[in-house]
Amino acid sequence: MGSGRHASLAFDRAAEIYDQTRGFPPGVGEKVAAALLPHLPRPVRVLEVGVGTGRIARLLLNLDVPVVGIDLSRPMMDHLRGAQPEGAAAVRLIQGDARRLPLAAGAVTAVIAVHVFHLVGDAEQAMNDVLRVIASRGVVAVGWNWHPPDSIGRRVRRAWREIVAKHGADMGAPGLREMEAPVTFFRGRARRHSEILACEWHVARSPRQALEDVEKKTFSSSWVVSEAVFPVCLAELHAWAERELPDLDRPRYELRRFVWHIFSQWRA
Ligand SMILES: C[S@@+](CC[C@H](N)C(=O)[O-])C[C@H]1O[C@@H](n2cnc3c(N)ncnc32)[C@H](O)[C@@H]1O
């Protein structure tokens, strides 16, 4: 089951639904980009690894921050190309692999990565390559959407991971890994680490919606489960939800945050 430890998950299959399913509510993305701005060393030369549809890069560009974006998925980046205003400064896009960045040593002053390293086969190789391409005074910013530990989405994903593990999934495979590992990696190599709360907002979500996300394979944790056992896992998930999440159709009002982890001052 799954695609192995060394494959990466390109998001071609999610390109059409990505902005609709992962887009920020109005005003949130602007705060996410603005929170990063004071931490970007001058001259600002930013590389975004796993740039996707430019959910973050587009907003940095609006703040006059030039961005080079790299991604395995051309269909994801095509959405970004389509969304850029004509004639204005553009995100420079490169189709490539985070494990072998096509940049010279010390070429950029900041690397940002949002919801990426848990998808990269051999993430450690990719994170080492990030350290190669940043200038000695450069920063690495790793960010993600934070959900409370007891949010409906997290509870459903935890149950899903337990069920698919029982059916033989490799939990080290991209898509099933936890997102915190890069923080441990970069914290071990940087003398400075700050955690920044960029924005908080609320959403209304019902358990039924979270189950539908699994069923429709909205998120990568569904893609890595083979067709042979997917229906079995899904049936077990539904049975779990009937037991554990009363009132499946009642929306819950939940907190969301966007958090940046910013690293700098590299150890020799
Ligand atoms: C969850 S999306 C995040 C996109 C964007 N950073 C955002 O926050 O909206 C992950 C992106 O990483 C890309 N990706 C996965 N493995 C990669 C690799 N080895 N090299 C480059 N990009 C990769 C996927 O194609 C996808 O576009």
Surrounding charge for THR53, neighbours by C-beta under 13 angstrom, Lys/Arg +1, Asp/Glu -1, total -1
Rounded to the nearest 10, the angle in degrees between the Cα long axis of helix 230-244 and the longest principal axis of the Cα atoms of the chain comes to 80 degrees
Regression test value, accessible area per residue of the chain, probe 1.4 Å, units Å², expected 47 Å²
FRET efficiency (ALA105, THR184; Cβ distance; R0 30 Å; to 0.05) is 0.80
For the chain, longest principal axis from Cα atoms; helix 123-133 axis from its Cα atoms; angle between them, nearest 10 degrees, is 20 degrees
In the neighbourhood of ALA110 defined by beta carbon distances under 11 Å, the net charge of the other residues (Lys, Arg +1; Asp, Glu -1) is +2
At the level of C-alpha centres, the distance separating the range 176-191 and the range 20-61, in angstrom, is 20 Å
Counting Lys and Arg as +1 and Asp and Glu as -1 over every other residue whose Cβ sits under 10 Å from the Cβ of ILE262, the net charge comes to 0
Note: ARG158 to ARG243 extended length (0.36 nm per residue) minus current alpha-carbon separation gives 29.1 nm
In whole Hz, the Karplus estimates of ³J(HN,Hα) for the range 89-99 (6.51, -1.76, 1.60; θ = phi - 60°; x where Gly or Pro) are 4, 10, 6, 7, 10, 10, 7, x, 10, 4, 7
With +1 at each Lys and Arg Cβ and -1 at each Asp and Glu Cβ, the charge dipole magnitude of the range 19-75 around its Cα centre, to the nearest 20 debye, comes out at 60 debye
With 0.36 nm assigned to each residue of separation and the Cα-Cα distance removed, HIS167 to ARG92 gains 22.8 nm
Rounded to one decimal in nm, the spacing of the 7 Å Cα→Cβ label points at GLU227 and GLN265 is 5.4 nm
Carbon/sulfur accessible area of the range 61-215, % of total, 1.4 Å probe, equals 48 percent
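The values are calculated or read from the model by the stated rules, or taken from the named source; none is laboratory data. Given the structure is predicted, the values throughout are model-derived calculations rather than measurements. Cβ coordinates were reconstructed from backbone atoms using ideal geometry, including for glycine residues, and neighbour counts include every protein chain displayed. Accessible surface areas use protein heavy atoms only, side chains included; no ligands, DNA or RNA. Shrake-Rupley method; radii C 1.70, N 1.55, O 1.52, S 1.80 Å.
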